[in-house]
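This report concerns only the one structure given below.
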Amino acid sequence: MTIRMTLAALLVLTGVAAAAEPAATVRELNRGPVAGGTFAYDLALIRVPVGGSVRFEPTDEGHNVTPIRSLWPAGAPPLNVPFNSEATVTFDRPGVYPVQCTPHTGLGMVALIVVGDADMTEFSAKAASIPGLAPKARAKLGVLAGAAGQS
Ligand SMILES: [Cu+2]
């Protein structure tokens, strides 16, 4: 009994600590983590609990973070990390949040933030069929969504 109570207390304390610090950091890079890769976010697939935060770090200059509006969760507040700026963004609603670097979307500089339990199948179908998405961005989102659906 004593042990159970101690574990419960530890879990509560861990939860408080996790909420206070970003769950993940996303670096904005001119050269991606893959050999020969170009402009990329690293991490590109981020999972956070509801209420979790993501820190965006302008490691290299010339990048920003904006929503891919055609795939953004309905009613969710927009996100805007200006060029060369550091920001920590908190996600209060479950869902799949695809972001892009405005000048480099066509090069596939996109990332996927999955908040809480999200329906990856629905997102994947939408991402595959939505018009007007650059081919490299669509392909990258497909890979990220597939990875998220398996983890
Ligand atoms: Cu960029």
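The values are calculated or read from the model by the stated rules, or taken from the named source; none is laboratory data. Predicted, not measured: the structure shown is a model, and the values here were computed from it. FYI the Cβ positions are ideal-geometry reconstructions off the backbone, even for glycines, and counts take in every protein chain you see.
Quick rundown of the values:
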item	result
The stretch 94-146 - residue that is out of contact with any helix residue (DSSP H, G or I) (no Cβ under 9 Å at 6 or more places or on another chain) and free of Cβ contacts under 8 Å to residues at least 12 places away in the same chain and, of those, surrounded by the fewest Cβ atoms within 10 Å (Cβ to Cβ)	S129
Test for A134: is it more than 16 Å from the ligand (Cβ to nearest atom) and over 19 Å from R27 (Cα atoms)	no
Residue selected from the stretch 83-107 under the condition in a loop (DSSP other than H, G, I, E, B) and either modelled with pLDDT under 95 or away from the ligand (no atom under 16 Å from the Cβ) (or both), by the criterion farthest from G51 (Cα to Cα)	P94
Count of residues meeting criterion [of a type in the set (A, V, I, L, M, F, W, C), without any contact (Cβ under 8 Å) to a residue 40 or more places away in the chain and more than 9 Å from the ligand (Cβ to nearest atom)] in the stretch 26-64	3
In the stretch 108-151, the residues that are farther than 21 Å from D42 by Cα, of a type in the set (G, A, S) and outside any loop (DSSP other than H, G, I, E, B)	A125, A128, S129
Considering residues of the stretch 46-82 that are touching a Cys at 6+ places or on another chain (Cβ under 9 Å) and either small (G, A, S) or in a loop (DSSP other than H, G, I, E, B) (or both) only, the residue farthest from V143 (Cα to Cα)	G62
Considering residues of the stretch 16-42 that are small (G, A, S) and surrounded by 12 or more Cβ atoms within 10 Å (Cβ to Cβ) only, the residue modelled with the highest pLDDT	A40
